[in-house]
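Below is one structure, written out as structure tokens; the observations come after it.
The values are calculated or read from the model by the stated rules, or taken from the named source; none is laboratory data. Just so it is clear, the structure is predicted and the values come from calculations on it, not from any experiment. Heads up, the Cβs are rebuilt from the backbone with ideal geometry, glycines too, and the neighbour counts pull from every protein chain shown.
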Amino acid sequence: MRITCIELLVAAGLAMSPAPGHAADVISFAASDRVRVFADFYSAGSKAKPLILLFHQAGSNRGEYATIAPMLVTLGFNALAIDQRSGGNAWMRTNETVRHLGKRVPYFTSASLTASGVS
């Protein structure tokens, strides 16, 4: 399959536009070390549909995916945007996992610890 530059530009434009009607449910869960991790769950209408895990960049938070996750739902995927232990205030949001934990941890440590708590 060959993708053209025009197709990439269209896809990028769509990703920057929020999809109406796909609100997130705010959830939290305990990681393997019992740290409370906060996330936005975007439902495609059935738990039987595939789930895409969305891990933000260092210094960010789950708000990074507020425009992308609804597009994934439109395509038939559930999406879970997680506030990792590394992050901060961006996208007009606070990283709730960092706030609840009371400190930030190094990004690479954060990603592996957070992923270990997802099942």
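Restricting to region 39-53, name every residue that is modelled with pLDDT of 95 or more and either among the basic types (Lys, Arg) or not in a loop (DSSP other than H, G, I, E, B) (or both). Correct list: Ala39, Asp40, Phe41, Tyr42, Lys49, Leu51, Ile52, Leu53.
In region 57-103, what residues are assigned to a strand (DSSP E or B) and in contact with a strand residue (DSSP E or B) (Cβ under 9 Å, 6 or more places away or on another chain)? Passing the criteria: Asn78, Ala79, Leu80, Ala81, Ile82. A single entry from Thr67, Thr97, Thr4 fulfils the requirement of being loosely packed, with under 13 Cβ neighbours inside 10 Å, at pLDDT below 95 and among the polar types (S, T, N, Q): Thr4. Are there any pairs, at least 6 apart or on different chains, whose C-beta atoms fall under 9 Å, with the first in region 36-52 and farther than 23 Å from Val98 by Cβ and the second of a type in the set (Ser, Thr, Tyr) and in a loop (DSSP other than H, G, I, E, B), and if so, which? Between residues of region 36-52 that are farther than 23 Å from Val98 by Cβ and residues that are of a type in the set (Ser, Thr, Tyr) and in a loop (DSSP other than H, G, I, E, B), the close pairs are Lys49/Ser43.
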